[in-house]
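Everything on this sheet refers to the single structure shown next.
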Protein chains: 2
Amino acid sequence: MSPTNHQVRLASRPSGLPQPSDWSFTEEPVPTPGAGEFAVAISYLSLDPAMRGWMNAGASYIDPVEIGDVMRAGAVGEVIASEHPGFAVGDNVYSDFGVQEYALSDGAGAFKVDPSLAPLPTYLGTLGMTGMTAYFGLLDTGKLKESETVVVSGAAGAVGSVVGQIAKIKGCRVIGIAGGEEKCQWLTEVLGFDAAIDYKNQDVRRALREVAPDRVDVYFDNVGGEILDAVLTRLARGARIVICGAVSQYNATEGVRGPANYLSLLVARASMTGMVVFDYAPEFARAMSEIAGWMGEGLLISREDILEGGISAFPDALLKLFAGENTGKLVLRI
Amino acid sequence: MSPTNHQVRLASRPSGLPQPSDWSFTEEPVPTPGAGEFAVAISYLSLDPAMRGWMNAGASYIDPVEIGDVMRAGAVGEVIASEHPGFAVGDNVYSDFGVQEYALSDGAGAFKVDPSLAPLPTYLGTLGMTGMTAYFGLLDTGKLKESETVVVSGAAGAVGSVVGQIAKIKGCRVIGIAGGEEKCQWLTEVLGFDAAIDYKNQDVRRALREVAPDRVDVYFDNVGGEILDAVLTRLARGARIVICGAVSQYNATEGVRGPANYLSLLVARASMTGMVVFDYAPEFARAMSEIAGWMGEGLLISREDILEGGISAFPDALLKLFAGENTGKLVLRI
């Protein structure tokens, strides 16, 4: 009996939140590697807000997923067959293997991960693209300096929770914006943020006046929308806004809401800069080592929110992300 | 018979375009300088889009004009009486003397100008704050590099026309966005811009695809609104947007329109940075010398649009600016 590879493919481009009809479920025989290739059995899939953008047509920082294609996803898997000199059966590997149970790879963009150093899901989060995004967005794009005031939105999410902890390690005052009391408590009591603002129950602009009396030097924005506009009113002179994402806008059906307070950039002589993590690929190894060091010293906590259910649970898992139901990195076990 | 000083004061804060009732006309005796002061008879007043912002309450990069105050304005005037060791009767001086016929100064922020080197109105434009804004916005905030593609909006205006000419001097491809065929012809035929887009009669986004096939490296934005959104769709990798102003939004009564396409900053790894010319005051003399040199070599043309009518013409003159009726620097002769 040859095993079957179950897959989730993009069936149509969503308007607003992805619907069940936007996906199709297919199955194929497990692929056999050709020369220079290897096959993996996927263990964990990464769920990322950016996935929603990949489902749209048109030019972006990465090609869109085409209709009929297996949905793109970062994943870790174990090599089950290999004709590639760099990857042996039994190796654990990260790559954008896609939403399926098995995948082929020629090794491009793939790297081996060590489950004895950290649990596999961590390589999708803090020691993966999530951690890299936080690290380079904050330190390079955000040009973080010691003892500055840092605000991060989506603060209890995968990227935001790492951003805030790195900023604390760098000696900054850190304020997280998140939805709900439980997340906010986690930020201040477990992660050591200086303050947290619950945007579902607080006026963000007013709360910022209280917890950031010296205004905001670096704002790491994962959400866009009203929260971006609120922080724009509290910028310090020379502030840097890192545009990492805009999860509040990805499913907007009436067009993205632009930041109406953008002229605050002028008043504050501030900047707003976009970043894409893939640009930093040559420096990933160095950054991962540094983050792993902080984890080892107990300075940085990695939290993964692991969903069960395999491939068929993917559509609902993605919606949890947009509903803000996760704390830490949302991962689907295959 | 002692001469009278006619003044224009802010009577109320406008909603939308300033109305006649937002101004009051007053008169006072011409002031007499005390120790360390001098008095000027104002010759020319500068009209600037930024004036609209100064009329609003609330914190900005400069204090608002208070109700009942003489309206703030840059101006050049001739010293008619002096108790100040640095300024003698007959000197021509620039300062923010305000919308009036005579003014007192203690010399703070005032500097002498030489009418034998350039006509007095030029010191309100290309050799004044306008030219300084163009120079530092483009070269410092915009980090202009040789042979890049530069787009400037409000291109036939005071700042825009200088921005484009400096970019040409620096060896760049320059595209101006302006309203009307006549302005566009002036940009390409007289100022030497490589292309001009008439936003009143062309689709800016489509036109940019044609005239900026390699996309846009530096966008100097004077207008905001739809034009900012159009240029955001055409950014080159690593593009810099200079936020100098947003004349299309200053009179908005339903809130500023934020740039809905700001997520292009992420796709292009681009930045949007605000600038305020006053920050560069220590370097004004150097920049003015360089601009004067370019003017002397015939590389940079300064154009002033001089209105007659004195103080009482000020309210209408300001509206001409927001209607886009000027080409070059709008100045009111007193």
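Taking B:Phe278 in one copy and the same position in all the others, each labelled 7 Å out along Cα→Cβ, what are the pairwise distances from the first, in nm, shortest first?
Ordered by distance, the counterparts are at 4.5 nm.
Could you grab the relative contact order for segment B:203-296? Cα pairs under 8 Å, six or more apart, rounded to a whole percent. Present the calculation step by step, with values, prior to reporting the outcome.
Working: 123 pairs, mean separation 25.1, N = 94.
About 27 percent, as a whole number.
Tally Lys and Arg at +1 and Asp and Glu at -1 over the other residues with C-beta under 15 Å from the C-beta of B:Asp22: what net charge comes out?
On the way: positive: B:Arg9, B:Arg13, B:Arg52, B:Arg72; negative: B:Glu66, B:Asp69, B:Asp316.
Charge balance in the 15 Å sphere: +1.
Tell me the distances, shortest first, between A:Ser312 and the same position across the other copies, using label points 7 Å along Cα→Cβ, in nm to one decimal.
Spacings between copies for this position, smallest first, are 8.6 nm.
First compute the accessible area of segment A:71-135 with a 1.4 Å probe, then give the percent of it belonging to carbon and sulfur atoms. Write out the running numbers ahead of the final one.
Values: 1160 of 2260 Å².
Here carbon and sulfur together make up 51 percent of the probe-accessible area.
Using Cα-Cα distances under 8 Å and only pairs 6 or more residues apart, what relative contact order does chain B have, in percent? Present the calculation step by step, with values, prior to reporting the outcome.
Values: 759 pairs, mean separation 58.6, N = 334.
Worked out over chain B, it gives 18 percent.
Counting pairs of alpha carbon atoms under 8 Å apart in space and at least six apart in sequence, what relative contact order in percent does segment B:145-262 give?
Relative contact order here is 23 percent.
Here are some pairs, B:Lys112/B:Lys183; B:Lys168/B:Lys329; B:Lys112/B:Lys143; which of them have Cα atoms lying more than 24 Å apart in this structure? Let's see the in-between values first.
Details: B:Lys112/B:Lys183 32 Å; B:Lys168/B:Lys329 19 Å; B:Lys112/B:Lys143 30 Å.
With Cα atoms farther than 24 Å apart: B:Lys112/B:Lys183; B:Lys112/B:Lys143.
Return the whole-Å distance between the Cα centroid of segment B:312-334 and the Cα centroid of segment B:1-66.
Each part reduced to its Cα centre gives a spacing of 15 Å.
Go through B:Asn201, B:Pro29, B:Ser12 and say which Cα lies farthest out towards the positive end of the charge dipole of chain B; charges sit on Cβ, +1 for Lys and Arg, -1 for Asp and Glu.
Of the options given, the answer is B:Asn201.
Could you work out which residue, out of B:Ile62, B:Ile42, B:Ile301, moves most in a Gaussian network model of chain B, that is, has the largest mean-square fluctuation with Cα springs under 10 Å?
With Cα springs under 10 Å in chain B, the top fluctuation among B:Ile62, B:Ile42, B:Ile301 is at B:Ile62.
Using helices alone, what [θ] at 222 nm do you get for chain A, with -39,500 (n - 2.57) per DSSP H run of 4 or more residues, divided over all residues and rounded to the nearest 500? Could you put the intermediate results ahead of the total?
Numbers: 9 runs with 73 residues, N = 334.
The per-residue figure over chain A is -6000 deg cm²/dmol.
Springs between alpha-carbon pairs under 10 angstrom, Gaussian network model over chain B: which of B:Thr122, B:Thr273, B:Thr133 fluctuates most?
B:Thr273
Per residue of segment A:42-47, what does 6.51 cos²θ - 1.76 cosθ + 1.60 with θ = phi - 60° give for ³J(HN,Hα)? Whole Hz please, x for Gly and Pro, Karplus curve as stated.
Each residue of segment A:42-47 in turn: 6, 9, 9, 10, 8, 10 Hz.
Can you tell me the dipole magnitude for chain B around its Cα centre, using point charges on the Cβ only (Lys, Arg +1; Asp, Glu -1), in Debye to the nearest 20?
For chain B, the charge dipole is close to 1300 debye.
Kindly report the accessible area of the protein assembly as shown per residue (heavy atoms of protein chains, probe 1.4 Å, no ligands, DNA or RNA), in Å².
Values: 26800 Å² over 668 residues.
Accessible surface, normalised per residue, equals 40 Å².
Please report the residue of chain B with the smallest beta-carbon distance to the B-to-A rotation axis, and give that distance in Å, no decimals.
B:Gly258, 2
Measuring label to label, 7 Å along Cα→Cβ, what does B:Ser116 give against each other copy in nm, shortest first?
Result, one decimal in nm: 8.6.
Could you work out the local net charge near A:Leu307, counting Lys and Arg as +1, Asp and Glu as -1, over the other residues with Cβ closer than 13 Å to its Cβ?
Cβ neighbours under 13 Å give a net charge of -2.
Quick one: which residues, 5 or more positions from A:Tyr102 or on another chain, have an amide H under 5 Å from its amide H? H modelled 1.01 Å from N in the peptide plane, none for Pro or chain starts.
A:His6, A:Ile42
For segment B:214-334, give the magnitude of the charge dipole about the Cα centre (Cβ charges: +1 Lys/Arg, -1 Asp/Glu; no others), in debye to the nearest 20. Numbers along the way, then the final one.
Numbers: 11 positive and 15 negative charges, 71 e Å.
Here the size comes out at about 340 debye.
Report, as an integer, the average count of C-beta atoms from other chains found within 10 Å of each Cβ along B:86-96. Before the final figure, lay out the partial values.
Numbers: counts 0, 0, 0, 0, 0, 0, 0, 0, 0, 0, 0.
Across B:86-96, the average partner-chain Cβ count within 10 Å equals 0.
Once you average over the residues of B:272-278, how many Cβ atoms of partner chains fall within 10 Å of each Cβ? Before the final figure, lay out the partial values.
Details: counts 10, 9, 13, 3, 5, 0, 0.
If you average over the peptide's residues, the count of other-chain Cβ atoms is 6.
Which one of B:Ala260, B:Ala178, B:Ala230 has the biggest mean-square fluctuation once chain B is modelled by GNM with Cα springs under 10 Å?
Judging by the Gaussian network model, the answer is B:Ala260.
Rounding to the nearest 20 debye, state how big the charge dipole of segment B:1-90 is about its Cα centre with +1 on each Lys and Arg Cβ and -1 on each Asp and Glu Cβ.
Values: 4 positive and 10 negative charges, 57 e Å.
The calculation lands at about 280 debye.
Once you sort the root eigenvalues of the Cα gyration tensor of the protein assembly as shown as a ≥ b ≥ c, which label holds: rounded (a/c under 1.5), prolate (a/b larger than b/c) or oblate (the other case)?
Values: a/c = 2.65, a/b = 2.15, b/c = 1.23.
Note, shape of the protein assembly as shown comes out prolate.
Assuming a ≥ b ≥ c are the square roots of the Cα gyration tensor eigenvalues, decide whether chain B counts as rounded (a/c under 1.5), prolate (otherwise, with a/b larger than b/c) or oblate.
On the way: a/c = 2.07, a/b = 1.59, b/c = 1.30.
The shape class here is prolate.
If you add up the charges near A:Glu78, with Lys and Arg at +1 and Asp and Glu at -1, over every other residue whose beta carbon is less than 15 angstrom from its beta carbon, what do you get?
Numbers: positive: A:Lys112, A:Arg333; negative: A:Asp91, A:Glu101, A:Asp114.
Every neighbour counted, the sum reads -1.
The values are calculated or read from the model by the stated rules, or taken from the named source; none is laboratory data. Quantities reported herein were computed from a predicted structural model and do not represent experimental measurements. Counting neighbours? That spans all protein chains shown, and the Cβs are built from the backbone with ideal geometry, glycine included. Remember, those area values only see protein heavy atoms, side chains included, never the ligands or the DNA or RNA. Shrake-Rupley method; radii C 1.70, N 1.55, O 1.52, S 1.80 Å.
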